[in-house]
Structures are given as C-alpha cells and as structure tokens.
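In what follows, a single structure is set out as structure tokens and then discussed.
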Amino acid sequence: MSKLSLQNAILTYEQLETTPSKKDNIPEELEDELRRLGCDFIQSAGIVLRLPQVAMATAQVLFQRFFYVASLKKFSVRDIGMGALFLASKVSESPCKIRDLINVYNYLIRRYRNEPNEPLEYLGQVFYEMKDALVIAEMQILKKLGFNVHVQLPYGLMVNYLKVLELTDHETIPQKAWGYLNDSLRTNVYVCYQPATIACAVIWLAARIAQVKLPTSPPWWELFEAELEDMENISRHIMRLYAIRLPSNLPLSLDELEDYLKNYEDRRKSGINEINEINDNKDDLGPAPMVTM
Amino acid sequence: MENQGYSPVECIDDNNLEKNNTPEVQLTETPKTKTKKSKWESESDNDSESEQRFSKKRRKKIQDSEVDEHSQPETTESIRRLKVSNEDPFNQSPSTRSISPIAEPINDMSISSTPSPTPESTTQSFEERIIKSTPTPLPPMLTGCRSVDNYEKLNRIEEGAYGVVFRARDKATGEVVALKKLKLDKEKNGFPITSLREVHTLLLAKHPNIVNVREIVVGETLTQIFIVMDFIEHDLKSLMEDMQVPFLQSEVKTIMLQLLSAVAMLHDNWIIHRDLKTSNLLLNNRGQIKVADFGLARKYGSPLGPMTELVVTLWYRAPELLLGTKKYSTAVDMWSVGCIFGELVNKEPLLPGRTEIDQLTKIFKLLGMPNEKIWPGFSKLPHAKNIPFIKQSHNTLRSRFPYLTENGFDLIAKLLTYDPSKRITAEEALKHPYFTESPLPKDPEMFPTWPSKGGGERRKSYTSPSAPNVAHGVEKLDEEDQTLLGSIFENQGGNDYGFRLKI
Ligand SMILES: Nc1ncnc2c1ncn2[C@@H]1O[C@H](COP(=O)(O)OP(=O)(O)OP(=O)(O)O)[C@@H](O)[C@H]1O
Ligand SMILES: [Mg+2]
C-alpha cells in the first residue's frame, strides 16, 4: 500500500462524519464556519501577497484536509491557515516571505475584527510568536498529512472541458464556473471528489444558471467520467455557501475558541448566530446532505 | 460573494499556471551551515501512534472504496503513464480509467510486468529486458506520518552532505530499508523547499531505475524527518573503489541504458536532476540501477527561467554552469552522464577538479579550448572573460579511452559536447548504436554480486566533493538572507586574471 502519492486523498464516509473536531465536541455548524473562515483568510491573504491562484487553491485544500485529521481545539484557524499558505506557496514554486505573510494575516485579522489597521512591530514579540506558530503549523501539516501535500487541481481540466463543450466564448459560463471552482475550495468537495468530477460540476452548475442546454444523449459529463449525482451534490455544497452568511465574530485563535464555545449556547439561543436553512430552490437543489456513498 | 477575480483566460491549465510562475522564482539560495551531528531517535511519538490506530481501522474501508470508485487499474508502463499525465487531459485514454463503479480489483501481477509498447527496435528489446517495471501507486490515505519507531536501526550507511542515511528494518514486515534523515536544524524559512522538491520529484518519478520511496516518517521532534526508501546494496562510487577491475563493456552498457532510461523519463517530465554522479547511482544485487538523491532536482518551466548556477557536484558540472550561465537545461544532466560513462569505463573519475578553475582547466585540456565556432554564445557567458586560457586546441578525449570502440567513443564525445544545444539528449542516446553492437548489454540478472558495504560494516567516507551546499538552502525568502549571498566569484567582469574563488 502506497502511503505517498500525487493523487488527491479522498475521505471515507467515516472520516467525513466523525471529524476530530466533532469528537472534541465542536458543533458541526461551528466547524463548517471555521473551515470557511480559514479558507476566506487564505484566499484573501494570497491575493494581497499576489500569489498565483494555484497557491491559494492548494493551501485551502491542505487546510481542509488538515482538519479531517486534527481538531480545531488543538490547532487554530489562524495558524493552520498561515502554515498552509506558506507551504502551498513553496509547493507551487512561488515561495512567499514569512514576514509578508505574517503582516498580511495581521492586517486581515484586524479588518475582520473591525479594528484599525496597525502594522506589526517587525521582530517584536507578536511577530515572533506568529512566526513560531507559522513554522510549527507548516510542520504539523506535513506531518499530519503524511507529506501528501501535492494537490491536483481541476482548473486546467475545467478549461479543457469548456473547450470541448465549445463554451469558452460564452458570456457568463467560463467566468461563473471559474468562480465556483474558487468558491468550492471553501467546502469539502476537494476531499470528497476527484478533480474531473469537480470540474464537470461547476460547468454543469454554471450552465444551469445561464440556462444553457448541453448535450444529454449521451450526457456530456459521461465523456469526463462524472456522475450526475456527484455533480448535483457538489453544486449543493457550492450554493449553500451563498445562502449562509458567516458571522463576524468567529474565533481565530485557540483562546478565542474556548471563550466562544463557553457562550456558544447562549449565542445560539439569542439568535445571533442563527443558521438560515438553505432556501434556494430556483435550481431544484435541496439542502445538502453529506456525500453519498 | 462569488469569487470571480480570476479569469480562465489568464490561465489555461494548471501546468501553465505552474510554468508561468517558474521563471519568477529567482533561485538565489542561502548558504547553510553544515552540521555533522546526527542522532537516532527512539522515543515513541504519541501523536502519530494514535493516528496509526485511527488509520489502521480505516485501512480496509479505504481500500474498498478506492477500488469501488477511484481505482485506476493502470496497466500501462510507468513511463507511459507519466507521459500521459503531463499532457492535455484529453489524451488520457479513457480505457486506463475505470468508468463503471465496479472496476476490476487491482491485480498486482498485471501491473508489475508490462513492457513499453513503443515501436520495435533492437535497443527497445534490451530496454524492455533491462528496465524492470515497478507497481503503480494507489491514491493516498489521508493519514499522518508514522513514527520512525516502526523501523529498527541496523547501521549507518553513509553521511552525505545534507542528510544521514541509515539501514533499518521494518519491524512489521522485516524488510530492510534505507532511511535518509533530512537536515532541518538551521532552517530559518520553515521546511526547506529543496526537501519538498526532493519528495515531490521522487513521487512524480516512479520508474524502475529510480529509487522507490515508501513513506516519510517522523521522529520525536518536529525536525526529525526521514525518507524511507527501498534499501539498495551499493552505490557505484563505493563499489568501484572496491572493485579490482573495471566493469566489463557489457556491464557498462547495461548500467548506461538504465541510467539513460531514468534520465529520459525525468527530462520528459520537465525535471532536471542537477546532481547526477556515481555516488548518487545505486546498484542492487540484481543488476538494477536506481538513481537516488533528488535533493537538488527541480521542475523547470517553459520558457526556461533563470535558475541558480550553484548546482551539480564539481566533477560532474557542465561547462556552461562553470561559466555562470543562468539559463541552463536538461543538457547539464547529460554532461554529468558523460562524466559517469567515462568513470564507469576507466574506473576513475574523468574530471576530478579541485576548484572551479581547475575543473575548467581539466575540461579544456581534455576537450580543447572552446571557441565561438564550436560553441556559439560561449564568449558571452558571464565568466567567459575570466577563465584561464589553455593552449590546447584539439580534443584529447580519444587517448583517454583507448579501449572504447568507435561507437563508444562517439557516444561519450556526444555527451561531452561543449554547446549544450548540440549535446545529445537522453532519448537520442538510448538509440545510440553503441548499445546494439557487440558486446551486447548484459542481462541484469547475470550481473556479478558484490558484498554490500552499506549492508554490513561502515563505509569509509569517500573523497568526491559534494554538491554546493548553497543550493540546499531556501531560496529567496527573507531579504536579510540575501546579504549572505553574493557570487562565489570575485571580480566578475573585471580584470582578466581576477577570476578567483572565495570559498
Ligand atoms: N536507498 C538507499 N539504499 C542504500 N544506500 C543508500 C540509499 N540512499 C542513499 N544511500 C547511500 O547514502 C549516500 C548518501 O545519500 P544521498 O545522496 O541521498 O544523500 P545526500 O545527503 O544528498 O548526499 P550528497 O549530498 O553527499 O550527495 C549515497 O551515496 C548512498 O551510498
Ligand atoms: Mg548524494
């Protein structure tokens, strides 16, 4: 049995259902939100750092994978996010500087908290703490993922599929599908499906929204070995993102998480953190169950 | 909320994404202090133990689900598989992937022995016989690194410049493996990008003549990382030091064919090894060559961007590198292959320079002084003005190899060609008539066996220089580090005689 591979690791049903955070009594909704928040930070930080999208995409997949083998109680969204982006920048041969990464995270955290931007004192105590945390996080990711850190991404596949389907020049579909790919990084689809299926799903979804009919006899996706059921499921996960707003006070560090959990029930009761059930039936997509297997 | 900041037009495929970025990675690298200290760690790692339990429980399940939905019972030879995966996804033949959810279970037998179905030629049939196939890897489980405690230390094989290599036994299976400990102690920039490349290339480069990596294991602390490889009995350097007589021509051919096959596959996948030398070529007791030590390997983009010039151990370093070119290519590996060829034939290093100038002098004495005519662009290379002028106009290569046939000589001359663009490629070299003339390459199974030094007593350390350690650092990360860099050459472009080494 090979332990190392260039292929994407795919989770088992059991791994998906009983995440380490769940075992640590972190509510499912909160885990979902924290995963999304962590990915948001990675994407934004990458943009500020002018990293290529392949680095941000890789980092988000690493981040998602990581929290299927480790608990949010033990590793913070901030640290693993920084570590994942740092590692991914190297994996994608566009290494960023530790110092820049820390400054950007500091800036993004302040912005998220609506605090005035205040640059970190270079080589100050906070800087050093963050640097240590980052380096440790990077090693933890490597270690906990067994060095399987080379992520196959669906971007190239998707562009090729668009070509085959003669959709490259369509007004909205390529843009939309590309956007869905970026957004789907914040869901768990990259740990559930192989890149080809994800590429098909975003095209399927974009075409539906644009009300463009694609060949169905035989169904076009069969050419790329995707299944309708999988595409539907991926689409649900993506649409769900747009239906749920992320609260603005989520915990980024372990200490913050502890406090947050103390008040979690109160918060829910008072409705601050109420999760709206997805309600976008314009596409006949019901609420997303976990992956069907 | 939708993220539309990235347009498909900007980026055509993932490969291009990578390649577009490659040229921006200016490889200025940080010198790293060498430390000789090394320690075998034997305390257990609680963390990864619990992960182990977790993963064992899952293993059966994962295997099942892989076969069900994600198995790709590839029966094509690994070389072909790699070629396919780097091309347009549409070239991926649907027949190699499972369409039905109930794919045939993966059959080890069918995977392990398929010859490459390329057009027939006599060379090919030798290749087929000489280059044995390896099993195809399955997708990984999402599971952490195991602890090094799963292995029992047997003995230290060799201390390389950057890592220590141990012989060890897998406690569960009894198999003997090699563990290479990565040196991470002094890393300022987290996990070294060179080690990431080493692991990545080894994974990408699954080939019967490239050493097989089994897994990465960790020691007690976060900085103890080991690459677990199949144990290979010999390296060519130590082996030749101990042999009474040189390899036979038939053996040289077999070794060269295997080496060229591995190098051809690497180059085909845009990977340059950058440190080919006899101590990085392993030979097992079944006559199989395994290329090792991908510590300097990297993918290169198209068009070729600037890369660090401080690569390849001195004796095997191509003249364009010695002359400071920033744009080099797979041809640097072919020069090294030429030096290795010469060393195999004569059982002594072909160009054992002591310094870079000495290295150039030795090359010039062997091959004659290069000029614009035989090597266009030569005089414009960064260090071309600072080099010693050797009054040596003609090539003396023939006299170094009195017993080599005309074909053999033709091959080494083509490998040791000054102009990198005219230097023979690995693909071409595989088809060279040298390999089809008598004596024919020896069947690897018929190779003699030698006592394995790594498998027994400690090896004595050898004198061949190591790859420049500058290249092992992390590249271009903190500008504070940049000040430590600078050229190893003083007085660049100044007075003609001012070519001097700092180190
Ligand atoms: N899989 C293996 N089986 C047996 N011996 C091995 C194996 N891998 C490496 N060795 C031995 O260890 C030596 C050093 O390994 P390697 O070249 O990978 O390390 P290194 O630190 O990069 O060395 P250097 O920089 O000096 O080339 C090899 O020359 C070989 O003798
Ligand atoms: Mg070596």
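The values are calculated or read from the model by the stated rules, or taken from the named source; none is laboratory data. The model shown is predicted, which means the values in this text are computed figures rather than measured ones. As a convention, Cβ positions derive from the backbone with ideal geometry for all residues, glycine included, and neighbour counts pool all protein chains shown. With ligands, DNA and RNA removed, areas are computed over all heavy atoms of the protein, side chains included. Shrake-Rupley method; radii C 1.70, N 1.55, O 1.52, S 1.80 Å.
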Inset, instruction - In Å³ and rounded to a whole number, note down the convex hull volume per residue for the Cα atoms of chain A. - result: 145
Inset, instruction - Treat each spin label as a single point 7 Å out from the Cα along the C-beta direction, and report the B:Lys326 to A:Glu28 distance in nm. - result: 5.6
Legend entry - A:Arg245-A:Asp266 FRET efficiency (beta carbon distance; Förster radius 25 Å; 0.05 resolution): 0.80
Legend entry - Dipole of segment A:155-243, positive direction: furthest Cα of A:Ser184, A:Thr216, A:Ile198, with charges on the beta-carbon: A:Ser184
Legend entry - Probe 1.4 Å - accessible area at B:Glu348, Å² to nearest ten: 100
Legend entry - Euclidean distance between Cα centres, segment A:204-241 to segment A:138-187, Å: 15
Legend entry - Compactness of segment B:146-230 as Cα Rg over 2.2 N^0.38 Å, two decimals: 1.07
Inset, instruction - Would you check the accessible area of B:Tyr328, probe 1.4 Å, heavy atoms only, in square angstrom rounded to 10? - result: 0
Inset, instruction - Starting from the Cα gyration tensor of segment B:221-296, multiply each eigenvalue by 5, take the square root, and state the resulting semi-axes largest first in whole Å. - result: 24, 18, 10
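Where does chain A land at 222 nm, in deg cm²/dmol rounded to the nearest 500, when only DSSP H runs of n ≥ 4 count, each adding -39500 (n - 2.57), divided by all residues? Intermediate values should be presented prior to the final figure.
Numbers: 13 runs with 165 residues, N = 293.
About -17500 deg cm²/dmol.
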Legend entry - Between 0 and 90°, nearest 10: helix A:98-112 axis offset from chain A longest Cα axis: 80
Inset, instruction - Under 14 Å from the Cβ of B:Thr425, count the other residues' Cβ atoms, weight Lys and Arg +1, Asp and Glu -1, and hand me the total. - result: -1
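Could you give the semi-axes, largest first, of the ellipsoid that matches segment B:251-436, computed as the square roots of 5 times the alpha carbon gyration tensor eigenvalues and rounded to whole Å? Don't skip to the end; give the middle numbers.
Values: eigenvalues 116, 84, 44 Å².
Largest first, segment B:251-436 gives 24, 21, 15 Å.
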Legend entry - B:Thr417 long-range amide H proximity, modeled H, under 5 Å: B:Ile424
Inset, instruction - Could you go through segment A:130-140 in sequence order and give the Karplus-derived ³J(HN,Hα) for each residue, using 6.51 cos²θ - 1.76 cosθ + 1.60 with θ = phi - 60°, rounded to whole Hz, and x for Gly and Pro? - result: 5, 5, 4, 4, 5, 5, 5, 4, 4, 5, 4
Inset, instruction - Pull up all non-local amide H partners of B:Gln392: gap of 5 or more, or a different chain, and H-to-H distance under 5 Å with H placed in the peptide plane. - result: B:Met369
Inset, instruction - Amide H neighbours of B:Leu154 under 5 Å, at least 5 residues apart or on other chains, H built in the peptide plane: list them. - result: B:Arg167, B:Ala168, B:Arg169
Legend entry - Spin-label model distance (nm) - A:Glu118 vs A:Thr18, 7 Å beyond Cα toward Cβ: 4.5
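Within a 10 angstrom radius of each residue's Cβ in B:396-404, how many Cβ atoms of other chains show up on average? Whole number is fine.
Working: counts 0, 0, 0, 0, 0, 0, 0, 0, 0.
That average works out to 0.
At 1.4 Å probe size, put A:Thr12, B:Thr405 in order of accessible surface, largest to smallest.
Numbers: A:Thr12 5, B:Thr405 55 Å².
The ranking, largest first, comes out as B:Thr405, A:Thr12.
Evaluated at 20 °C with a viscosity of 1.002 mPa s, what Stokes-Einstein diffusion coefficient in µm²/s does segment A:155-243 have when Rh comes from the Kirkwood expression over alpha-carbon pairs?
Numbers: Rh = 12.7 Å.
Once the numbers are plugged in, D ends up at 168 µm²/s.
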Inset, instruction - Please give the helix A:155-164 orientation as an angle from the longest Cα principal axis of chain A, in degrees from 0 to 90, rounded to the nearest 10. - result: 20
Legend entry - Using θ = phi - 60° and Karplus 6.51 cos²θ - 1.76 cosθ + 1.60, couplings along segment A:12-26 (whole Hz; Gly, Pro as x): 8, 4, 4, 4, 5, 6, 10, 6, x, 5, 4, 4, 8, 6, 8
Inset, instruction - Report, in degrees rounded to the nearest 10, the 0 to 90 angle that the Cα long axis of helix A:28-48 makes with the longest principal axis of chain A. - result: 90
